[in-house]
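Structure first, commentary second.
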Amino acid sequence: MKFKELVQDYVNGLVLWALVGIILKDYAGKLSLAVPFLLAIGSPAKRFGEPKGYLLKALAFLSASALLLLASGWLSSALAVTFLLLGVAYALSYPLHLRGNDFLPRNMLGVAVAGFTLGAGLSLRISSVNMMRLLDLLLAVVLLWIAISIGDYISIRYRSNKIISEFMPVEVKGVDFSLVEVRGAISRFVEDADPAPLIVQLLRRVPRSVSDADLEELVRMLTEYRAYTGGILTPPWLRNLYAEKEKEKRANLVREILDLLSGW
């Protein structure tokens, strides 16, 4: 991981959040222009992987929430509650991930909607004017959600490579991996995300020259894999695309394991 890459991720996130801050400046006050500098802290989280990246995102949202509490206006209060819940959710995601539970990271959009609704409800006085403002903002959020979903779909489709099922080499370090039972185990993992048959085949067929530590690394690569299928608010057509990309990711993971075996 290079420092230059972290800075680039931070700057990219800062530009995105700054645009949002400029749009909301009239509603959330000038303090909203400082919030993007804190939110952008979470942008390099992907470089740290899961679950360490969750802690970086938690820091970003919690610090932004604390700053927004100093601002006035119902929108600032609503966003403060939203970021607070997101920060807490990401912080809880770290220990939950270690236990194999990824429910919260997959449903952060739902957490954000719940937080904003709660924050707006606590800070807005019930009146026809305020209700119209709230409805306008909710409509904008829905349109933004649709735009992001379509953008994700186009982006993933554009980058997608064809999943190749017939990629197995005949031999890896003298061990035949083209046998029917091995191919069946690989198919179970790639198609159904079931690593157990493939782990059994690896344990049976890995050469004796492979050390226990290296074998543990291979098994861990399979057992720690977590498929991403979206959250509760993910539209079905995007969920199907996520499933397709996960198949490709699992196929690449098998390739990576075989490459490691070839190099040992």
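The values are calculated or read from the model by the stated rules, or taken from the named source; none is laboratory data. No experiment lies behind these values; they were computed from the predicted model shown. Surface areas here come from the heavy atoms of the whole protein model, side chains and all, with no ligands, DNA or RNA. Shrake-Rupley method; radii C 1.70, N 1.55, O 1.52, S 1.80 Å.
How much of the accessible area of region 39-127, probe 1.4 Å, is carbon plus sulfur, in whole percent? Mind dumping the intermediate values first?
Values: 2930 of 4380 Å².
With neighbouring chains kept in place, the figure for region 39-127 is 67 percent.
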Completion exercise
Surpassing 20 Å at the alpha-carbon level, of the pairs LYS57/LYS247; LYS46/LYS249; LYS52/LYS245, are LYS57/LYS247; LYS52/LYS245
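I need the shape label for region 12-109. Rule: rounded when a/c is under 1.5, else prolate if a/b > b/c, else oblate, with a, b, c from the alpha carbon gyration tensor.
Numbers: a/c = 2.69, a/b = 1.79, b/c = 1.50.
It comes out prolate by the Cα gyration axes.
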Exercise for the section: Would you rank GLU50, GLU248 by solvent-accessible area, highest first, keeping every protein chain in place and using a 1.4 Å probe? Expected result: GLU50, GLU248
